[in-house]
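Just so you know, all these numbers are worked out from the coordinates, no wet-lab data involved. Quick caveat, the model's predicted, so the values are computed rather than measured. Positions of Cβ are backbone-derived with ideal geometry, glycine not excepted, and every protein chain shown enters the neighbour counts.
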Amino acid sequence: MSEFQIMSNILSATGIYDISPGEPVYAEIMAYAEGLDMLFGEVEELLRECFVSTAESYGLTYREDWIKKYIYKRNADIDNRRNSVINTLSVCQTDYTCSGMRKISDSFNINGNFHAYTSPLKVTFECTDAITDTQKNIIEDQMNVCYNMY
């Protein structure tokens, strides 16, 4: 139901106002309704963009930038971008296990293999993406520093 219908129903029920086309009250309510419909549309969009699970434009981009997440598949579809942000935001202290590390690498759209060593205690990452050797070295160095901090 539009704002015009809601307001005209309420005012008609009082019996005070004649809400029929051509009447001044009709035009006034129509003007208010147009403004309210526009405002409520913007509020609905804002609410949608506030949550990662429903964001479609600036809400998703904001969170990607906020977590410094420069996905090299930036033109990926909305669902993949959304899932990537959700996975990244779900990383916590207890994720420094092999399965947790897989979750971290997946959140950054980086594919590779983890190798765990017990002596010395160390985890290494080998990137398997089809990118240049320089890019692979940078990613592997960053991942290895990240995983061996703790």
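Okay, here's what the table says:
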| read-out | value |
| --- | --- |
| Label-point separation, His115 to Cys50 (7 Å along Cα→Cβ), nm | 4.9 nm |
| Contact order normalised by residue count of region 3-50, Cα under 8 Å, 6+ apart, percent | 37 percent |
